[in-house]
Amino acid sequence: MKWEDIDYHAKEWVKEAGDKIRLSFEKTLNIETKSNPNDLVTNIDKEIEQFFIDKIRGVYPDHKIMGEEGFGDELKSHEGIVWLIDPIDGTMNFIHQQRNFAISIGIYENGIGRIGLIYDVAHNELYNAIRGKGAYLNGKPLPLLKETTVKESIIALNATWVMENHRIDHTLMIPLVRDARGTRSYGTAALEMVFVATGRVDAYLSMRLSPWDFAAGAVIVEELGGIVTNLKGEKLDFLSMDTLFAAKPGLHQQILNDYLKGGKY
């Protein structure tokens with residue numbers, strides 16, 4: 001299997017999809033809700049996912065596809081080569097801001113991440129990695145991540161998790177927020193993961209994400225020496241929803257040991 005060939009095709013398709021999304025900025029969106037009034041999907045999300053599926057099936061008919069909008073395959077395992085696609089990660093931002101959203105594609109072989117591509121459409125920034133070949137931003141190599149500490153760190157974390165909620169004991173997160181240099185929230189898991197990869201933030205935590213939200217980012221962050229697990233420090237499940245914790249080396253272990261241990265996630 002020539003991963004460079006797959007990467008080449010994926011990049012071409014991502015850029016073409018980005019052009020389609022930019023053209024949509026002038027059009028009226030058809031907006032629908034999914035699981036709740038704030039879980040939004042547009043006609044563009046659906047069209048872009050179908051675009052990728054048509055391209056993949058045309059060139060790689062034996063590959064499987066897991067997509068957010070449900071046009072892919074029903075998967076019970078990650079056997080073989082699987083594309084995990086989020087056509088627009090950060091749909092609410094896309095609708096309200098026309099920025100702070102991304103196309104996210106992770107390509108896995110038997111459960112191992114081989115290729116990750118995240119395209120920040122509004123800023124024309126393509127982040128990509130091939131396992132063992134480094135990670136890049138618009139073709140320029142990204143440096144390996146360096147160790148840091150909580151007190152020196154900016155943590156990407158949604159404010160919801162520091163308020164009383166039904167998913168976790170919110171008091172667990174308060175000491176982390178208090179001790180960190182600062183916190184940020186961007187509303188798009190894909191971009192928050194590449195912000196970890198580029199050092200714009202030092203760690204990213206989320207309580208509930210789907211595989212297509214973190215599949216691409218995990219490849220990119222790990223290629224640069226970052227650590228990606230769930231909040232228990234366990235390997236991620238790429239078939240179902242899970243918590244997510246991506247961080248620089250050293251910092252990941254410090255947060256896990258000093259702040260997250262004993263929590264129920």
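What follows draws every value from the coordinates through simple rules; no lab data is involved. Keep in mind that this is a model prediction, so the values were computed, not measured. Here the Cβ positions follow ideal geometry from the backbone for every residue, glycine too, while neighbour counts run over all protein chains shown.
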Per-bin percent of Cα-Cα distances, the chain [5 Å]
1, 6, 14, 18, 19, 17, 13, 7, 3, 1, 0
Using Cα pairs under 8 angstrom and six or more residues apart, how large is the relative contact order of the chain, in percent?
16
Relative contact order as a percentage, the range 150-260, C-alpha pairs under 8 Å and 6+ apart, gives 28
Given Pro211, Leu75, Gly139, which one lies farthest toward the positive end of the charge dipole of the chain, if we put +1 on the Cβ of every Lys and Arg and -1 on the Cβ of every Asp and Glu?
Gly139
Net charge of Cβ neighbours under 11 Å - reference Leu256; Lys, Arg +1; Asp, Glu -1
0
As I understand it, the value is the acute angle between the Cα axis of helix 189-198 and the longest principal axis of the Cα atoms of the chain; what does it come to in degrees, rounded to 10?
70
Looking at the chain, identify the longest residue range that excludes and avoids all GluC sites (Glu not before Pro) in DSSP loops having at most 10 other Cβ atoms within 10 Å.
165-265
Between Ile95 and Glu147, what length comes free when the chain is fully extended (0.36 nm per residue of separation minus the Cα-Cα distance, one decimal in nm)?
15.1 nm
Rounded to two decimals, what ratio of Rg to Rh does the range 127-185 give with C-alpha atoms and a Kirkwood Rh?
1.15
From the mean inverse distance of alpha carbon pairs (Kirkwood) and the Cα radius of gyration, derive Rg over Rh for the range 74-131.
1.07
Please compute the modelled spin-label separation between Leu23 and Glu234, points set 7 Å along Cα→Cβ, answer in nm with one decimal.
4.5
Quick one: of Lys2/Lys140; Lys2/Lys146; Lys55/Lys76; Lys2/Lys46; Lys2/Lys64; Lys11/Lys64, which pairs are farther than 26 Å apart, Cα to Cα?
Lys2/Lys146; Lys2/Lys46
Hey, any idea what the orientation-averaged projected area of the convex hull of the range 3-141's Cα atoms comes to, in nm²?
8.5
Per residue of the range 93-109, in order, report the coupling 6.51 cos²θ - 1.76 cosθ + 1.60 (Karplus, θ = phi - 60°) as ³J(HN,Hα) in whole Hz, putting x for Gly and Pro.
5, 4, 6, 8, 10, 6, 7, 6, 9, 7, 8, 10, 9, x, 10, 10, 10
Would you mind checking the radius of gyration and Dmax of the range 150-260 based on alpha-carbon positions, in Å?
12.5, 35
